[in-house]
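Read through the structure below, which is laid out as structure tokens, and then see the notes.
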Ligand code: SF4
Ligand code: SF4
């Protein structure tokens, strides 16, 4: 891969001093990317939310918009300024582009000689992601481990990931649902990007994170960074840190949650959980899929489709005769314990990056930081476990 995470030495060796891109030159960056054949994906307003979609013009960006978020709550709001990236994260993550919700894998066609099967050739896509947050850089790194580094390589993900150019934007505010500081994933973009930007009213402080980013920067009308711009960017980034009020004791949860499989809070959360799977679909790291053979109306062709699935779906654990996890309690417990504990055993990293999407988009406002804390905070249970 050309843009796997660079080592500190590589970055230190190639990174020039940060520079400044005037806001009036942002269109130059878009034109450069489009001219190089990238499909630029970035934030846009759609259906009352800030989502990721194709864009070609600076005017496509959600200037002057932000959002209010809370458990089961998402609402667009106007900002007092015309910031282009003045929001946290919306319902989409980059997962939908690197690991699409639906992929045709195989095609079977009936011929005079019988059925003929062939692999579906995947389209070559070359994305430039504009506006990747630190938590989402961490989520992409998690999916790299799952799809590229765990002994199995997902070819669809690999092709898209190899081609993707990542332009990160440091957060200068946080939503009430963010807890990246607890998960060690943000809000400062540290690694895994090609270009890293911090937005100021007059433009962007630009940091280079890879050779590809350096090549791009060389063609931009960058200006030397002034001390006051550097300090303003630092203050803006600190605002995001100061905004984050939600916490999760990651280390305690990682060790204790798996020991509390009979805790009564699993029943309490199951009474509210609808098993709707929203939390897994918006999560930037969840990767469950199902494969189905779909026949066309003439019975002449069968397409083998891979589609996003969820451990919350009743049939997902169906094994010879019935589902292993036939209660919402066991499905929620499976999701939370995998995400926060056994994912570490499996992939060497937590499955949660603290983006807060599952809290916002849960229709009944279930908050995993609250649930995990309730289950893990009871010290008496520790004593019971030891005795
Ligand atoms: S579990 Fe929730 S907070 Fe954690 S990465 Fe997934 S959506 Fe974000
Ligand atoms: S926790 Fe919320 S979003 Fe997830 S399955 Fe239950 S009701 Fe749906």
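Read-outs throughout are calculated quantities, based only on the coordinates presented, and are distinct from any laboratory measurement. Predicted, not measured: the structure shown is a model, and the values here were computed from it. All Cβ positions, glycine included, derive from the backbone under ideal geometry; neighbour counts span all protein chains shown.
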What whole-number volume per residue, in cubic angstrom, does the convex hull of the C-alpha atoms of the stretch 285-338 give?
96
Take the alpha-carbon centre of the stretch 303-333, take the same for the stretch 57-72, and report the distance between them in whole Å.
34
Please work out the ratio of the alpha-carbon Rg of the stretch 279-371 to 2.2 N^0.38 Å and round it to two decimals.
1.29
Mean separation of Cα pairs under 8 Å and 6+ residues apart, divided by the residue count of the stretch 120-254: what relative contact order is that in percent?
27
What translational D, rounded to a whole number of µm²/s, comes out for the stretch 323-381 from Stokes-Einstein when the hydrodynamic radius is the Kirkwood one over Cα pairs, at 10 °C and 1.306 mPa s?
124
Calculated Rg and Dmax of the chain using C-alpha coordinates, Å:
22.4, 74
As a test, work out the antiparallel percent of DSSP beta bridges whose residues both lie in the stretch 81-182, rounded to the nearest 5.
60
What share of the DSSP beta bridges in the stretch 139-285 is antiparallel, in percent to the nearest 5?
65
If 311, 180 are placed from fewest to most neighbouring beta carbons inside 10 Å, the sequence is 311, 180
Max mean-square fluctuation residue, GNM over the chain, Cα-Cα springs under 10 Å, options 199, 67, 301
301
Distance from the stretch 152-228 to the stretch 245-268 (C-alpha centre basis), Å:
32
Inverting the mean 1/r over all pairs of different Cα atoms, compute the Kirkwood radius of the stretch 224-333 and quote it in Å.
18.7
Once you keep just the Cα pairs under 8 angstrom separated by 6 or more residues, what percentage relative contact order results for the chain?
21
Can you give me the orientation-averaged projected area of the convex hull built on the Cα atoms of the stretch 48-115, in nm²?
8.0
Evaluate Rg over Rh across the stretch 109-195, taking Cα atoms for both radii and Kirkwood's formula for Rh.
1.19
Largest fluctuation, 294, 256, 153 only, Gaussian network model of the chain with Cα springs under 10 angstrom, belongs to 294
